[in-house]
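Below is one structure, written out as structure tokens, with a few remarks after it.
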Amino acid sequence: MRKLILVTYLLSGSGVLACDLKVDSAWIREAPSTAKALAGYALLSNVGSKPVNVVSSSSSAFAKVEMHETVTENGIAKMRPIEKLEIPAKGKVEFAPSGKHFMLLEPKAALKNGNVVSVSLKDATGCQTTVQFKVGAGASQSAETMDQSKMDHSKMDHSMHH
């Protein structure tokens, strides 16, 4: 009897409430196996008619997943955590290099090019979207093979005046 209740509970808990959050082009920049943090990027879209507030992210492959943004203050780029990401109705928010990104902290195992990692994003209503992030050079990747794990992001200048 107990099994039946569990099955009913699982069925009622999934599929009924489809999240309005859709995620495309999710990738994680490949880093040396010694890296303590990896950066993840994706395009987040709200397909619903109400704003979606992404309030947390997690992955069994990492100790912690945080949303960060790079902001430039007085010509100095700084990373700061995003506590709540609001995506307007029918809107999109891009997580891309030098901008917003997922900070994937303390990988439980070394990740190589081609690996796929699940990351769950939860919105303010408790709706959870699980996204497959592919490890690799990235969607719009140049031939850059920079090891960012040894860089101090707090003093980095991301300004684009050429």
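Given the structure, is Val135 at pLDDT 85 or above, farther than 13 Å from Leu38 by Cβ and in a strand (DSSP E or B)?
Working: at pLDDT 85 or above: yes; farther than 13 Å from Leu38 by Cβ: no; in a strand (DSSP E or B): yes.
No; evaluated as a whole, the condition is false for this residue.
Given the conditions (1) within 15 Å of the chain's Cα centre (by Cα); (2) over 20 Å from Thr125 (Cα atoms), which single one is not true for Val71?
Result: Val71 passes all but (1).
Of (1) surrounded by fewer than 16 Cβ atoms within 10 Å (Cβ to Cβ); (2) more than 20 Å from Val131 (Cα to Cα); (3) not acidic (Asp, Glu), Gly91 satisfies all except one. Which?
All conditions pass for Gly91, except number (2).
Each row is one residue, and each column tells you yes or no for (1) small (Gly, Ala, Ser); (2) under 15 Å from Leu21 (Cα atoms).
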residue: Gly40; (1), (2): yes, no
residue: Leu44; (1), (2): no, yes
residue: Val52; (1), (2): no, yes
residue: Val65; (1), (2): no, no
residue: Glu69; (1), (2): no, no
residue: Arg80; (1), (2): no, no
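Show me the strands (runs of 3 or more DSSP E) found entirely inside the range 58-126 where at least 2 residues are at pLDDT 95 or above.
Correct list: 62-73, 85-87, 92-95, 101-107, 116-123.
List the number of the failed condition for Met67; all other conditions in (1) buried (at least 20 other Cβ atoms within 10 Å of the Cβ); (2) in contact (Cβ under 8 Å) with a residue 40 or more places away in the chain hold.
So Met67 meets the others, but not (2).
The values are calculated or read from the model by the stated rules, or taken from the named source; none is laboratory data. Being a predicted model, the structure only gives us computed values, none of them experimental. All Cβ positions, even for glycine, are placed from backbone atoms using ideal geometry, and neighbour counts span all protein chains on display.
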